[in-house]
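Worksheet for the structure shown next.
Throughout, read-outs are computed from the coordinates displayed, never taken from laboratory work. In this text the structure is predicted, and so the values were computed from the model without any measurement. Counting neighbours? That spans all protein chains shown, and the Cβs are built from the backbone with ideal geometry, glycine included.
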Amino acid sequence: MGAHTSTVLIETDVVAGCIEEMAQFGAHPVAGMQRVVYTPPWVEACNRYSTWLEAEGVEVRRDAVGNVFGVLPGREAAPSILTGSHIDTALQGGRYDGTLGMIAGYLALRTLKRHFGKPRNTLECVAICDEEASRFHSNFWGARAIAGLIQQGEAESIFDSDGVSLADAMRASGLDPGRIPAARRDDIGTFVELHIEQGPILEREGIAVGVVSAITAIEQKQCLVRGRADHAGGCPMDARKDAVVAAADMIIAITSLAREMGAPGVATVGRINARPGSPNIVAAEVDFTIDVRHPEPAVHEKYSGLMARACQEIAAARGMEFHENLLLYQPATKSTPEVLDVIKGAASDLGITFREMTSGAGHDTQVLARAGIRRAMIFVPSRDGRSHSPDEFTALDDIVKGISTLTETLYRLAY
Ligand code: HGY
Ligand code: MN
Ligand code: MN
């Protein structure tokens, strides 16, 4: 690791061109982006990423689940230095979440190869196939493949809303689910992910770059409230077992516990369905999701437990049933101090303002951490803190500072 400052230049118009190009793949007809795994726009975006890399003479490798790697082989047989993020988007999401990190990875490799040639350590960028789980409950699918954390038979047992299995969706994109174990890597030493902040802190403080010291724990559950169907006209209010009313009280209880947990803790009910779902029927069943996050494992565990108990008590008090099913759990993750120091040194020597912060969003980084890979993240500001929305935006000037910090970091790690 050298102490030199590579005087690299990230070209603003090239950055803007890449963002614009990727936004063509999966533009939602109403607003924003919808590029979900193993669909035609996703395939086109992966192909374009490969084309960019090949045009720079960077070797392209695609793994069994469709992660696309650009590889600059190193002079020494040392662990790879990897950068990148996910190529899929949230439902009606924005242009920057994930996409910016994989673009940044490509631009960093391109710049380093052009200026400094062959690295000492193998240097790689990656477009990770699926992080958002927008189509399947696939729970960081791309990063889990790399970390060797996909269970045997899992691809056959997860279905999208049309009943298509993840395995069949892979086959439709030309991928063989039988090969998933081959995607596992044990030769990655360090992962550095650039991402938008998805919150308001950097913008509010006028700071260009966030250096992420920890990522939140995330738990998602599918909840079911079972009451009783009755006639909306004939059944008196005090004789009902209304699943919608019970679910509403549960959601209020969850929200007030989240406030008690305090920042940066949060809880969200992002999806809710009532059945049979008719204006003239008291609902027999409601299902809803809970997403609970906190970067301190003990606080997270305490409040997740309190929320579950509150729901059980609300159901029991009305003679109703409440069941919950775990959809996703990612433990909180701390960044590797040595990698954090390299990022801070890079930003500092480039004269770029930065601060340490935690991430309330989940990231591929925390899954790769579970495979023992050294890691840290670089955040760039999000306008008005907006994300998972078509309104996501980061100013080019900030993006260039973020990518410059990333490029310098990779130079120090790999050259
Ligand atoms: O939900 C998350 O935090 C991530 O953006 N998928
Ligand atoms: Mn996201
Ligand atoms: Mn993301």
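May I ask you to compute the full-extension gain from GLU260 to VAL14, defined as 0.36 nm times their residue separation minus their alpha-carbon distance, rounded to one decimal in nm? Write out the running numbers ahead of the final one.
Values: separation 246, 0.36 × 246 = 88.56 nm, distance 4.60 nm.
Roughly 84.0 nm would be gained on extension.
Applying 1/(1 + (r/R0)^6) with R0 = 30 Å to the Cβ-Cβ distance of ALA298 and ASP341, what FRET efficiency is obtained, to the nearest 0.05?
Details: r = 27 Å, r/R0 = 0.90.
The formula returns an efficiency of 0.65 here.
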- Message: I'd like the Karplus ³J(HN,Hα) series for region 137-153: coefficients 6.51, -1.76, 1.60, θ = phi - 60°, whole numbers in Hz, and an x wherever there's a Gly or Pro.
- Response: 6, 9, 6, 6, 3, x, 5, 5, 5, 5, 7, x, 10, 8, 6, 4, x
- Note on the structure: Taking placed amide H atoms and a strict 5 Å upper bound, the residues 5 or more places from VAL380 or on another chain that come that close are HIS195, ILE196, GLU197, GLY210
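Under the definition of Cα pairs under 8 Å and six or more residues apart, what whole-number percent is the relative contact order of region 1-93? It would help to have the intermediate numbers written out before the result.
Details: 74 pairs, mean separation 28.3, N = 93.
Once normalised by length, the contact order is 30 percent.
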- Which of the trypsin sites (Lys or Arg not before Pro) found in region 207-304 are in a DSSP loop and have at most 14 neighbouring Cβ atoms, other than their own, within 10 Å? ARG271
- Message: Run the helix sum for the chain: -39,500 (n - 2.57) per DSSP H stretch of 4+ residues, divided by residue count, reported at 222 nm to the nearest 500 deg cm²/dmol.
- Response: -11000 deg cm²/dmol
- Message: Could you give each residue of region 125-132 its phi-based ³J(HN,Hα) in whole Hz, using Karplus coefficients 6.51, -1.76, 1.60 with θ = phi - 60°, and x for Gly or Pro?
- Response: 10, 9, 9, 7, 5, 7, 10, 6
- Residue by residue, what Karplus-based ³J(HN,Hα) values in Hz, rounded to whole numbers, does region 37-44 have, using 6.51, -1.76 and 1.60 with θ = phi - 60° and x for Gly and Pro? 4, 6, 10, x, x, 5, 4, 5
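When the Kirkwood hydrodynamic radius is evaluated over all pairs of different C-alpha atoms of region 36-113, what value in angstrom, to one decimal, is obtained?
Answer for region 36-113: a Kirkwood hydrodynamic radius of 13.3 Å.
So how strong a dipole does region 130-215 carry about its Cα centre when Lys and Arg Cβ are +1 and Asp and Glu Cβ are -1, to the nearest 20 debye? Please report the intermediate quantities before stating the final value.
Numbers: 7 positive and 15 negative charges, 43 e Å.
Computed charge dipole of region 130-215: roughly 200 debye.
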- Close lysine pairs (the chain; alpha-carbon distance under 27 Å; 8 or more apart or on separate chains) counted at 11
